[in-house]
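Single-structure report; data block below.
The values are calculated or read from the model by the stated rules, or taken from the named source; none is laboratory data. Please read all numbers here as calculations on a predicted model, not as lab measurements. Every residue, glycine as well, gets a Cβ built from its backbone with ideal geometry; the counts of neighbours run over all protein chains shown. These accessible areas exclude ligands, DNA and RNA; they are computed on the full protein's heavy atoms, side chains included. Shrake-Rupley method; radii C 1.70, N 1.55, O 1.52, S 1.80 Å.
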Amino acid sequence: VNTPICLPFLQPSRTLIAPPAATTVATTVPSSPSPTCRSIIISAPGQTCDSIARDTRLVGSDILDANPFLNCNDIWPGTQICAPPTSNVPGCKHWVVVNGGMAAPGHSVTCSDIARPWVLDPTDIYNSNTFVNCDDIWPGTQICIPWKTFY
């Protein structure tokens, strides 16, 4: 539904042949979410995997894993998106939403900036949020703060 398709340009020398009148094309649209989806979200203008994840208490990588066809930073309005029942990121102690105040003025937020107040290693942050670029985490990105096991 509402999926754009590309129709090839026909050269003047080509002839378009219509299918026989008895041919039909069936399209199945589920009336309820599939068992692998907790719910189906219809995207709004400007939404990203991270913004949808925040609304569903998941992380952006969960949304992308359940919807591999998405371009997370350019989701078309009206796209049906599966919200999976649980997060693929195990053991999140807390969730934080990145904001510009987490880094020094004029600098990008990094995994180190997020790890520091939780007494974690930056690799702990990355391993629980593999979708991020640890050198430039965008404001508004939802980040899983993992449980830390001390040996």
(request) Please work out which residue is least open to solvent (accessible area, probe 1.4 Å), limiting yourself to region 72-91 and to residues that are under 20 Å from Thr130 (Cβ atoms) and of a type in the set (S, T, N, Q). (result) Ser87
(request) Identify the residue in region 92-112 that is open to solvent by less than 20 Å² (accessible area, probe 1.4 Å) and of a type outside the set (Val, Ile, Thr) and, among all such residues, is nearest to Leu70 (Cα to Cα). (result) Cys111
(request) Kindly provide the set of residues from region 113-135 that are under 29 Å from Pro68 (Cα atoms) and surrounded by 15 or more Cβ atoms within 10 Å (Cβ to Cβ), ordered by number. (result) Ile114, Ala115, Pro122, Asp124, Ile125, Tyr126, Ser128, Asn129, Phe131, Val132, Cys134
